[in-house]
Amino acid sequence: MMNYFPDEVLEHVFDFVTSHRDRNAVSLVCKLWYRVERFSRQRVFIGNCYAISPERLIARFPGVKALTLKGKPHFADFNLVPQDWGGYVQPWIEALARSRIGLEELRLKRMVVSDESLDVLSRSFTNFKSLVLVSCEGFTTDGLAAIAANCWFLRELDLQENEIEEKKNDWLGCFPDSCTSLVSLNFACLKEVNLAALERLVARNPNLKSLKLNGAVTLEALQRILMRAPQLVDLGTGSFVLDRDPNDSETYKKLRATILQCRSIRNLSGFLKVTPRCLPAIYPICLNLTYLNLSYAAGIHGSELIKLIRLCGKLQRLWILDCIEDKGLEVVASTCKDLQELRVFPSDPFGAGHTAVTETGLVAISSGCPKLNSLLYLCQQMTNAALIAVAKNCPNFIRFRLCIRDPAKPDPVTMQPLDEGFGAIVQSSKRLRRLSLSGLLTDRVLLYIGKYAEQLEMLSIAFAGESDKGMLYVLNGCKKLRKLEIRDSPFGDMALLRDVGKYETMRSLWMSSCDVTLGGCKTLAKKMPRLNVEIINENDQIKFAHEDSQKVEKMYLYRTLVWPRDDAPEFVWTLEKLLFTPGVLLEDQWSSLTN
Amino acid sequence: MSPENRNYMPESDVVGLNLKETELTLGMPGETRVTTDTGVKLGTKRGFSETIDLNLGRSNVKCHDKVCDDELENDVLGGATKSLTEKAQLVGWPPVRASRKNVMKSCKFIKVAVDGAPYLRKVDLEMYNSYQQLLSALEDMFSCLTIRNYLNEKKLMDPANGVEYVATYEDRDGDWMLVGDVPWKMFVESCKRVRLMKSSEAIGLAPRTPQKCSSTA
């Protein structure tokens, strides 16, 4: 029936289909729908920047206005991917700039961004509105100055956890006086800022809803800024420090009064440095908070932390440090009945001390907060009994990431592996999409995952499993698996090669310190031309054509529609390239030359 | 993983003390401690490497890090503690982003003791930029005290009874020093704890200043 409607009608209907997955599905129905959909698509999500080329993006979606790109694999967050691996945004920005794409929004995660890229970006798209950089690196405040100076209609500049070299320039001062359109500004990952320029900027941007400051913004400056922006919904404080008795401080009194005017704040973060006795100033905000992020606030703990939590009855998302301890988590459980997401980070991840939260805290949370659907929990220990209780209390997990500090640690009470505990979680949370395992685990837990985790999209395995069977349970069972990352587990070529077609249904597979060999990787690369199989060979352990039986330290493979990238550094071997490029010695030629 | 591979030398043989008798093991009261021929003690708590080896059907423990391989050859008692420090060398574990690693480093909490007070307090030296700020904070904390400046020396006094306190600190070498001599940053680096010492005890340490109030306590 839909074929009898003019294209405009189809397009109008498609306007209501916003998620990129749904639009992908729409485009598969028939050629007509594919055509209408591709001309009308405005938002494109590319989960792996090496899966497709910018030219093909531009050819298929000439109307794209908002682009999301992701670069390095997830384990790059934990230093497992060497510097210079790749993930450069430059070719994308150049290609988009040359085309007639009217780019308005760019969101990048784990990519290498240069000042030049930012400069080209800022000058090439007149309607550019939003730049979000998450865990990126390679640029300086010069690049930020270009964005500030040239993007006249900028609404959003959101810098999350990037590594930015700070030059002596005043990038914030580069926002022209005519810039009055800002809605969201986050520079918390920087160390310095020009306070005067910041205050003027805030004063002339009345639509500012989200503002995340850095440690250079003092309490005094915060008060003046909040005076200008009582409409804020999302606030990240900087340095919440007072060096005198708050009761004697005019600044503090003014701050308290100013905060009372900020009736819209629902999300609060920051407190990179804090004088706990100043916290009462934010108590009025706590009553309405739905998101509280104290994961960088090492200065708030003990009774002050508890006092704060007790006021946050409407909290839905909480990010904290483990200095909250099990007792503090019990307070969360009795106060935050609407809690959906909890993340507990270690305050001292690499020290010799213990992590202060255990299974007790988690069980308390699960019994007090049945709406919990997203968990990240770094703890000292975990028991099967606790996980089984958590699974029973909270059957709605979408994300469940548990990290026990000691790798492969068993249940301390029974000395058993944690198979049954995690098994209970996957069996009860039928909508689970993301899972990270830790503790002592055998193939059994992987059997449970393959059997029950039907919606699982991303799985992280570390120091787990006993044999290839384990990995196969997952590959065979999890039909919706998109990303699998494995480290230090005994899976080898047999598991890798059993079902090579599976990897084309997934975005990527990472295996490090496992038992896959060079020969196994080569076999896979030869069988599957539409996969890029990369060997990251930092220590020069393997000579390419020798020793097929040698184990590969790090392998990263991903599906792709383009020829293997040409920006890979020397220590990254893309097997497709090495096996298929004419002119490159084939392995038997090499062996005969070197033997 | 057979125990024969381990080099096990009972300590009691080495030093001639009968350490075996006083050794702690897990066992019912009255049970004799049994040591097998290979030197494995029965009834003792298993270390990390032993638990990995439990009947899980593995022919070899999967572990590429050299660290883990070494662990398997440790003797039971040493295994658990050694594994903790060596684990610190595991790359990328625990899975924590670089930006989160230094969260605690930005704090330097030290204990502050005041002579005569029933309990100690803790302050974060990173919170302050000068001695004056620190003393103000101490003044707030121990609310009975006020700062008194004599000849630019920093002292604290309890106006209720006129007892004067001198701020001292223990440095990295374990010596007790007068607060205020070195630049602030250097002080923060080297200070381990602070003690507000009664002036009357600080003979030889505190500068001589005229006592305006005599102690009535």
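Among the numbered conditions (1) closer than 21 Å to A:S460 by Cα; (2) crowded, with 22+ Cβ neighbours inside 10 Å; (3) among the hydrophobic types (A, V, I, L, M, F, W, C); (4) modelled with pLDDT of 95 or more, the only one that A:A408 does not meet is (4). Every condition in (1) assigned to a loop (DSSP other than H, G, I, E, B); (2) within 14 Å of chain B (Cβ to nearest Cβ); (3) crowded, with 17+ Cβ neighbours inside 10 Å holds for A:L432 except the one numbered (2). Considering (1) surrounded by 21 or more Cβ atoms within 10 Å (Cβ to Cβ); (2) within 26 Å of the chain's Cα centre (by Cα); (3) at pLDDT 95 or above, the lone condition that A:G470 does not fulfil carries the number (2).
Of all the residues that make up region A:345-396, how many are of a type in the set (F, W, Y) and either more than 13 Å from chain B (Cβ to nearest Cβ) or farther than 17 Å from A:S436 by Cα (or both)?
The total comes to 1.
Taking the condition of a type in the set (D, E) and over 23 Å from A:E156 (Cβ atoms), does A:D15 pass? When the stated conditions are applied, A:D15 does not pass them.
Any idea which residue in region A:89-101 is farthest from the other protein chains (Cβ to nearest Cβ), counting only those that are of a type outside the set (D, E) and surrounded by fewer than 18 Cβ atoms within 10 Å (Cβ to Cβ)? The extreme case among them is A:R100. Name the residues in region B:83-98 that are modelled with pLDDT under 80 and assigned to a helix (DSSP H, G or I), would you? Residues satisfying the conditions are B:S83, B:L84, B:T85, B:E86, B:K87. Per the conditions (1) free of Cβ contacts under 8 Å to residues at least 60 places away in the same chain; (2) on the phi > 0 side of the Ramachandran plot, the sole criterion not satisfied by A:G86 is (1).
Pull up region A:435-454, narrow it to residues that are part of a loop (DSSP other than H, G, I, E, B), crowded, with 23+ Cβ neighbours inside 10 Å and within 25 Å of the chain's Cα centre (by Cα), then point me to the one that is nearest to the other protein chains (Cβ to nearest Cβ). Filtering region A:435-454 for residues that are part of a loop (DSSP other than H, G, I, E, B), crowded, with 23+ Cβ neighbours inside 10 Å and within 25 Å of the chain's Cα centre (by Cα), the one nearest to the other protein chains (Cβ to nearest Cβ) comes out as A:S438. Is it fair to say A:I425 is of a type in the set (A, V, I, L, M), within 25 Å of the chain's Cα centre (by Cα), under 26 Å from A:V474 (Cα atoms) and outside any strand (DSSP E or B)? Considered against the rule, which asks whether it is of a type in the set (A, V, I, L, M), within 25 Å of the chain's Cα centre (by Cα), under 26 Å from A:V474 (Cα atoms) and outside any strand (DSSP E or B), A:I425 comes out as yes.
Matching residues to (1) within 14 Å of chain B (Cβ to nearest Cβ); (2) within 30 Å of A:S460 (Cα to Cα); (3) in contact with a helix residue (DSSP H, G or I) (Cβ under 9 Å, 6 or more places away or on another chain):
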| site | (1), (2), (3) |
| --- | --- |
| A:S40 | no, no, yes |
| A:S53 | no, yes, yes |
| A:H74 | yes, yes, no |
| A:L103 | no, no, yes |
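Select from region A:208-234 the residues that are of a type in the set (A, V, I, L, M, F, W, C) and in a loop (DSSP other than H, G, I, E, B) and write down the one among them that is modelled with the lowest pLDDT. Ranking the candidates gives A:A216 first.
Here's the yes/no breakdown for (1) closer than 23 Å to A:G465 by Cα; (2) among the aromatic types (F, W, Y); (3) surrounded by 24 or more Cβ atoms within 10 Å (Cβ to Cβ); (4) modelled with pLDDT of 95 or more:
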| site | (1), (2), (3), (4) |
| --- | --- |
| A:A364 | no, no, no, yes |
| A:M382 | yes, no, yes, yes |
| A:C394 | no, no, no, yes |
| A:P412 | yes, no, no, yes |
| A:G421 | yes, no, yes, yes |
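The residue list A:L318, A:L287, A:L339 contains one member that is surrounded by 23 or more Cβ atoms within 10 Å (Cβ to Cβ), farther than 24 Å from B:S99 by Cβ and out of contact with any Ser or Thr (no Cβ under 7 Å at 6 or more places or on another chain), which is A:L339. B:W184 falls short of the stated requirement of being within 9 Å of chain A (Cβ to nearest Cβ), crowded, with 16+ Cβ neighbours inside 10 Å and either modelled with pLDDT of 85 or more or in contact with a His (Cβ under 8 Å, 6 or more places away or on another chain) (or both). Among the residues of region B:158-172 satisfying the criterion of being assigned to a strand (DSSP E or B) and at pLDDT 70 or above, which is nearest to the chain's Cα centre (by Cα)? Applying the filter and picking the extreme gives B:E170.
Considering only residues that are closer than 20 Å to A:E538 by Cβ and either of a type outside the set (A, V, I, L, M, F, W, C) or more than 11 Å from chain B (Cβ to nearest Cβ) (or both), look in region A:490-514 and name the one that is surrounded by the most Cβ atoms within 10 Å (Cβ to Cβ).
Once the filter is applied, the top-ranked residue is A:M511.
When restricted to residues that are outside any helix (DSSP H, G or I) and among the hydroxyl-bearing types (S, T, Y), region A:295-328 contains 2. Candidates A:N24, A:N79, A:N48: the one that is surrounded by fewer than 19 Cβ atoms within 10 Å (Cβ to Cβ) and closer than 25 Å to B:P95 by Cα is A:N79.
Scanning region A:270-292 for residues that are within 12 Å of chain B (Cβ to nearest Cβ), within 27 Å of the chain's Cα centre (by Cα) and among the polar types (S, T, N, Q) yields a total of 0.
The values are calculated or read from the model by the stated rules, or taken from the named source; none is laboratory data. All values derive from a computational prediction rather than experimental measurement. Using ideal geometry, Cβ is built from the backbone for each residue, glycine included, and neighbour counts are taken over all protein chains shown.
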